[in-house]
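Enquirer: If you scroll down you'll find the structure; I have some questions about it.
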Amino acid sequence: MTNVSTARGTTLVEAIIAIGILVGAVAALAGLSSAAIRNAAIARERSVATVLALQKMEALCRDVSSAQASPADAWAVDRPGYVEFLDVGGNPAAGGAGGRTYADGR
């Protein structure tokens, strides 16, 4: 007969606990990888939006160089093509010309 204190190996309880810990670790890693994939997609969308905005700003800057200069009193006098009355929120102000108008007709 063998002595219980000298028996080697794992018991069923120890094996179940070890498997439970392993399953928990794998589930946590799966959740982290899911979040990483989602964040990578968001970062990609923001990067594309930033590049497109930069391209648009560069195009607008190129267009401005060929546009005619505003009259000296364009800030005070309602001149068609130069005036833009907006409130603090960027919406057309009441009593103003309404809408954004530009010298090049945009």
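Enquirer: Is it the case that ALA27 is modelled with pLDDT of 70 or more and assigned to a loop (DSSP other than H, G, I, E, B)?
Expert: So ALA27 does not fit the description; no.
Enquirer: Being at pLDDT below 80 and surrounded by 10 or more Cβ atoms within 10 Å (Cβ to Cβ) is the filter here; which residues of region 53-63 pass it?
Expert: LEU60, ASP63, listed by residue number.
The values are calculated or read from the model by the stated rules, or taken from the named source; none is laboratory data. This one's a predicted model, so the numbers in the text were calculated from it and none came from an experiment. Virtual Cβ from ideal backbone geometry, glycine too; neighbours counted across all protein chains shown.
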